[in-house]
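In what follows, a single structure is set out as structure tokens and then discussed.
The values are calculated or read from the model by the stated rules, or taken from the named source; none is laboratory data. Note that the structure is predicted; figures quoted are calculated from it, not measured. Neighbour counts run over all protein chains shown; Cβ positions are idealised from the backbone, glycine included.
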Amino acid sequence: MTTISPARYSAAAITLHWMIAFLLLFQIGLGWALEDLPEGVAQFAGYQFHKSVGIAILILSLGRLAVRLVKPRPAPVPAGRAQAFLAAAVHALLYGVMIVGPLTGWIIVSTAKVRLQTMLFGTVPWPDLPVGQALHEPAEVLHGLLGTVGVALIVLHVVGAIYHHVKREDVIGRMLPRSIASHKAIGVAAGVAIVAGLLALFGGRTMSFAVPTAAPSVEASSAPVEAASQGAVEEMPEAAPSEVSSEAASAVAKAAPWKLEKGGRLGFSAEYSGEAIRGTFKRWEADIVFDPEDLAGSSIRVNIDLASVESGDAQRDDMLKSDSFFGVGADPQARFVATSIRKRGEGRYVANGTLTLHGKARPLAVAFTLKIAGDRATASGSATLQRLAFGVGEAEWSATDQLKDAVGVDFSLAARRISP
């Protein structure tokens, strides 16, 4: 074997090399997979994850570059001028893919017409770059090319390493732990690394972002909110204990849990320039414990996946998901929790509670009608909220002359009592 000094790259360089290699292959496969994802929740989740992995690659690549500049590394293997130039070019271009790829993606996100807060792995908010809109299209073109270029460079890199290994020039071994020293062991490790890389590429390509189907399937609604038929909605104070009927207060707790059936609907309506805009949320779930004779022991909790919004216009849906409206990057869910339930007539109720939306919690009263037949129940209801109280529709959308402040919400559902 060729004698070189130092014999191997530093432990930091080796660790970063393999981490970046597998992440980069996974990211390329993931980028291809995003093209096939359906619009909506899966696509939004896929792009958020793609951005997270990209930023991770950028940070690791900058760390790898710093280690390369600071730590001593093995001398180049003696080779002809053309071969040495090709090896140096492949290495330089790989660094370009590792760093420019995430940077162009970051520019695309930062210059998009509809801004969506990037949350790294759904947790850490990541800022936009202070760059102009003119960079959007060039960055998009370059970013799209880098996936194919990256695969080609990785193949050249691997072929070159194998070529040197066959010539018994210990190039691969320099990027492996010291314990892997023999020519045969290095060959086996190289084979394992190639298989692992292909699995990373395939894993990214087949990545699924399907949302669990615990929530009911929500069908599109074309009906407007009919508050009169559902029961007028008012902002009401929480019911004091004395407002609960004496029968319910003295009765043994009877409230039982209910499971939602498929086919429910959660819709909304707003007015823009004199026209009604209606939409639905395709994914939501509710935990309901209820009995008409035990309102004190009843409870309602609803979680709404804001990224599942559909209003019949894909561009408008993207805008609704943006930071100016729902801000799904930072707050992907809206939550309603009832704090009291009051009866207002035969089969008519009001649930007073708190709605949390866009990082703000405000009181909300939801009027609903309920019919129970044995272990099956159907319910429908409505509420009215002021979007500006939740910071929905900020900046140029904060004026109410075109986009009204009041937003109507309506729902219908069927549920079955869960037997103890």
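Kindly check whether there is at least one residue in region 92-107 that is farther than 20 Å from Gly63 by Cβ and surrounded by 17 or more Cβ atoms within 10 Å (Cβ to Cβ).
Yes, the conditions are met somewhere in region 92-107.
Go through region 258-292 and report how many residues are within 18 Å of Phe368 (Cβ to Cβ), modelled with pLDDT of 90 or more and not in a strand (DSSP E or B).
4
Does Asp331 meet the test of being of a type outside the set (Gly, Ala, Ser) and free of Cβ contacts under 8 Å to residues at least 12 places away in the same chain?
no
Which of the following residues is surrounded by 19 or more Cβ atoms within 10 Å (Cβ to Cβ), of a type in the set (Val, Ile, Thr), touching a Gly at 6+ places or on another chain (Cβ under 9 Å) and within 19 Å of Phe290 (Cα to Cα): Val350, Val409?
Val350
For region 250-295, what are the residues that are of a type in the set (Asp, Glu) and closer than 27 Å to Ser398 by Cα?
Passing the criteria: Glu271, Glu275.
Just to verify a result, which residue in region 297-318, among those that are part of a helix (DSSP H, G or I) and surrounded by 19 or more Cβ atoms within 10 Å (Cβ to Cβ), is nearest to the chain's Cα centre (by Cα)?
Ranking the qualifying residues of region 297-318, first place goes to Ala307.
When the residues of region 322-331 are filtered to those that are surrounded by 21 or more Cβ atoms within 10 Å (Cβ to Cβ) and in contact with a Gly (Cβ under 8 Å, 6 or more places away or on another chain), which remaining residue is nearest to Asp128 (Cα to Cα)?
Here the residue is Gly327.
So, restricting to strands (runs of 3 or more DSSP E) that lie completely within region 356-420, which ones have at least 1 residues that are out of contact with any strand residue (DSSP E or B) (no Cβ under 7 Å at 6 or more places or on another chain) and β-branched (Val, Ile, Thr)?
360-373
Would you confirm, using the coordinates I've provided, whether Ile154 is at pLDDT 90 or above, among the aliphatic types (A, V, I, L, M) and either outside the structural domain of Leu94 (by TED's automatic domain parsing) or part of a helix (DSSP H, G or I) (or both)?
When the stated conditions are applied, Ile154 passes them.
Search region 392-406 for residues being surrounded by 14 or more Cβ atoms within 10 Å (Cβ to Cβ), touching a residue at least 40 places away in the same chain (Cβ under 8 Å) and not charged (D, E, K, R), and hand back the single one that is farthest from Gly359 (Cα to Cα).
My answer is Leu403.
Working only within region 65-105, note down all residues that are part of a helix (DSSP H, G or I) and under 20 Å from Asp170 (Cβ atoms).
Once the filter is applied, which keeps residues that are part of a helix (DSSP H, G or I) and under 20 Å from Asp170 (Cβ atoms), region 65-105 yields Arg68, Gln83, Ala84, Leu86, Ala87, Ala88, Val90, His91.
Which members of region 77-118 meet the condition of being farther than 15 Å from Leu156 by Cα and polar (S, T, N, Q)?
Matches in region 77-118: Thr104, Ser110, Thr111, Gln117, Thr118.
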